[in-house]
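> To start, I am sharing the structure in question, which I have written as structure tokens.
The values are calculated or read from the model by the stated rules, or taken from the named source; none is laboratory data. Bear in mind the structure is a predicted one, so any value in this text is a computation, not a measurement. Positions of Cβ are generated from backbone atoms using ideal geometry, with glycine treated the same way; all protein chains shown enter the neighbour counts. Please note that ligands, DNA and RNA were not included when accessible areas were found on the heavy atoms of the full protein model with its side chains. Shrake-Rupley method; radii C 1.70, N 1.55, O 1.52, S 1.80 Å.
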Amino acid sequence: MTGPDAPCDVAIVGAGIVGLAHALACARRGLRVVVVDRDARANGASVRNFGFVTVSGQAEGAMWGRARRSRDIWLELAEAAGIAIHQRGMLTAARRPEAAALVEAFAAGPMGDGCSLLTGREAAARFPQLAPGVSAGLLSPHEIRIEPRDALPRLAAYLAAAFGVTFLWQTAVTAAGPGELLTSRGPIRARRIVVAPGDDSTTLFPDALAPYGLTRCKLQMLRVRPDRPVLPHVLMSDLSLIRYGGFADLPEAAALRSRLEREAGPQLAAGIHLIVAASRDGTCVVGDSHTYDSTPDPFADEAIDRMILAEYAELLGEAPAVVERWTGTYASSAAAPVVVAAPCPEIRVVTVATGAGMSCAFAVAEDVVEELDL
Ligand SMILES: Cc1cc2nc3c(=O)[nH]c(=O)nc-3n(C[C@H](O)[C@H](O)[C@H](O)COP(=O)(O)OP(=O)(O)OC[C@H]3O[C@@H](n4cnc5c(N)ncnc54)[C@H](O)[C@@H]3O)c2cc1C
């Protein structure tokens, strides 16, 4: 076995953001940590996302608090682990009057703290990249955007170098019980175990996860190279406002939803909304769509990509050249945005069951590790 001879304090299954967040929370407490992943490097949802650490728009209450705490930890790590912050802040550019009314209501409420509301004219003057027709803008200063495909390897390297976290790559965990993981390379002994399996709810502890009714959400994503620089902030559109709980749960969302049902049926059916997240190399990650199935097919539907690019063109004037396309999946549950199952006192199974793991994992991990009583 390639793992440590003596039992470690905590063994973590999964080297996506949720597993790494638990490794960080444990390592910061001086605990001896082993992370095991079946792949040679993180290759799941955690490297396929926008790297958009979203605060404004998270559902009021626990998720909003987790996002603010996690954003602060990302900022600490940016410094310590050399993770670049590619963008700061978010602009939601409302075009329909119902969307403008919704962002106004959000800005006036408790979660609007620190956000500013722009009239259409102010938004156009401040962001000339926007196509005509924006009726209001919500500018939130709370968000950051990192490039996940760079950030995940850097975070793993930092955990190994700064805290001595051991990584066992290309090692599948086949079973876990109190004090021990069974892996494809032999057993690992550990006082506590955290399973962070992403959207795999069938390999380990399926019975403990069953009450949450987990399924998978499949998303289509694109990387584009616009001819001219886009905004300094992550950009979202009217369609985004009915997807994010912080907006969608407000009473003003009902009017926008009805109008979108009349005007954007195909987009709603494919779960499309717009996020444009820029990278320092001049490209942008653009998406996305949401369809649900226990085993989503791996195929990217061109009609969906075209609708995403049309939404982009509506906000930014023209559809850009596409340089990459991919799909990703994440765990999804109608029962809870974050699932923490306890099959026995020494083990926790943790999955973020909504598309917000990059925004909340660090805070979730702090709570789980605190409760594991190490
Ligand atoms: C396209 C897309 C866009 C998104 N955009 C955003 C965004 O901008 N902001 C945001 O906050 N969230 C976003 N999300 C959600 C976010 O990416 C996820 O919530 C998060 O990455 C989940 O992290 P994870 O560690 O649980 O899963 P994963 O990253 O999938 O990692 C799970 C790991 O566990 C390993 N594993 C599982 N079972 C075993 C086993 N038995 N043995 C060994 N290894 C095992 C897998 O190999 C994998 O590496 C997005 C998701 C997708 C797919």
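> Quick one: with all protein chains in place, what share of the accessible area of segment 280-359 is carbon or sulfur, to the nearest percent (1.4 Å probe)?
On segment 280-359, the fraction of accessible area on carbon and sulfur atoms equals 52 percent.
> Based on the Cβ-Cβ distance of Glu122 and Ala310, what FRET efficiency does E = 1/(1 + (r/R0)^6) give at R0 = 22 Å, to the nearest 0.05? Could the numbers behind the result be given before it?
Numbers: r = 26 Å, r/R0 = 1.17.
According to the calculation, E is roughly 0.30.
> Something else now. Would you calculate the separation in nanometres between label points at Ala108 and Asp39, each defined as 7 Å from the Cα along the Cα-to-beta-carbon direction?
The answer from the label model is 4.5 nm.
> Related question: What fraction, in whole percent, of alpha-carbon pairs in segment 187-311 exceed 25 Å separation? Could the numbers behind the result be given before it?
Values: 3400 of 7750 pairs.
Roughly 44 percent, once rounded to a whole number.
> Where the accessible area of segment 146-276 is counted over protein heavy atoms with a 1.4 Å probe, how much of it, in %, is carbon and sulfur? All intermediate terms of the calculation are to be shown ahead of the outcome.
Values: 2840 of 5500 Å².
Ligands and nucleic acids excluded, carbon and sulfur reach 52 percent.
> Here's something else I'd like to know. In a solvent-free Debye calculation with one equal scatterer on each Cα, what is log10 I(q)/I(0) for segment 1-62 at q = 0.27 Å⁻¹, listed in the order of the q values?
Relative scattering, expressed as log10 I(q)/I(0), comes to -1.13.
> For Gln170 and Asp297 in one chain, what is 0.36 nm times their gap in residues minus the Cα-Cα distance, to one decimal in nm? If you can, show how the numbers build up before the last one.
Values: separation 127, 0.36 × 127 = 45.72 nm, distance 2.43 nm.
Contour length minus the Cα-Cα distance gives 43.3 nm.
> Continuing with the same structure: Need one value: the accessible area of Tyr158 in square angstrom, 1.4 angstrom probe, rounded to the nearest 10.
40 Å²
> For segment 125-253, taking Cα atoms only, what is the radius of gyration to one decimal and the Dmax to the nearest whole Å?
21.8, 62
> Using a Förster distance of 35 Å, how high is the FRET efficiency between Ala255 and Arg28, based on the Cβ-Cβ distance and rounded to 0.05?
0.15
> Hey, another quick one. To the nearest whole percent, what portion of all C-alpha pairs in segment 1-114 is separated by more than 19 angstrom?
Every Cα pair in segment 1-114 considered, those over 19 Å come to 61 percent.
> If you fit an axis through the alpha-carbon atoms of helix 302-316 and take the longest principal axis of the Cα set of the chain, what angle between them do you get, 0 to 90°, nearest 10?
60 degrees
> Then there is this: Top to bottom by accessible area (1.4 Å), largest first, where do Phe163, Phe52 land?
Ranking Phe163, Phe52 by accessible area, largest first, yields Phe163, Phe52.
> Related question: Rounded to whole Å and sorted largest first, what semi-axes of the equivalent ellipsoid does the C-alpha gyration tensor of segment 177-244 yield via the square root of 5 times each eigenvalue?
Working through the eigenvalues yields semi-axes of 40, 18, 12 Å.
> Continuing with the same structure: Using each residue's phi in segment 79-86, evaluate 6.51 cos²θ - 1.76 cosθ + 1.60 at θ = phi - 60° and report the 3J(HN,Hα) Karplus result to the nearest Hz, with x for Gly and Pro.
5, 6, 9, x, 9, 6, 8, 7
> Can you pull the three principal axis extents for the Cα set of the chain, in Å, largest first?
65, 40, 39
> Keeping the other protein chains in place, figure out the carbon and sulfur percent of the accessible area of segment 1-133, with a 1.4 Å probe.
49 percent
> Please report the antiparallel percentage of DSSP beta bridges with both residues in the chain, rounded to the nearest 5.
Counting only bridges with both partners in the chain, antiparallel ones make up about 70 percent.
> Length gain on complete extension for the stretch Asp227 to Thr202, per 0.36 nm per residue less the alpha carbon to alpha carbon distance?
4.5 nm
> At 222 nm, what value in deg cm²/dmol follows for the chain if DSSP H runs of at least 4 each add -39500 (n - 2.57) and the sum is divided by all its residues, to the nearest 500? Don't skip to the answer; put the middle values down first.
Numbers: 13 runs with 129 residues, N = 374.
My calculation for the chain gives -10000 deg cm²/dmol from helical runs alone.
> With everything on Cα atoms, drop me the angle between helix 17-27 and the longest principal axis of the chain, reported from 0 to 90° to the nearest 10.
50 degrees
> Treating the angle as unsigned and between 0 and 90°, give the value, to the nearest 10°, between the Cα long axis of helix 357-372 and the longest Cα principal axis of the chain.
The angle comes out at about 30 degrees.
> Can I ask one more? How large is the accessible surface of Asp113 in square angstrom, using a 1.4 angstrom probe and rounding to the nearest 10?
Accessible area of Asp113: about 110 Å².
> Roughly how many Å² is the accessible area per residue of the chain, as a whole number, for a 1.4 Å probe? List each step's numbers first, then the result.
On the way: 15000 Å² over 374 residues.
Normalised by residue count, the accessible surface of the chain is 40 Å².
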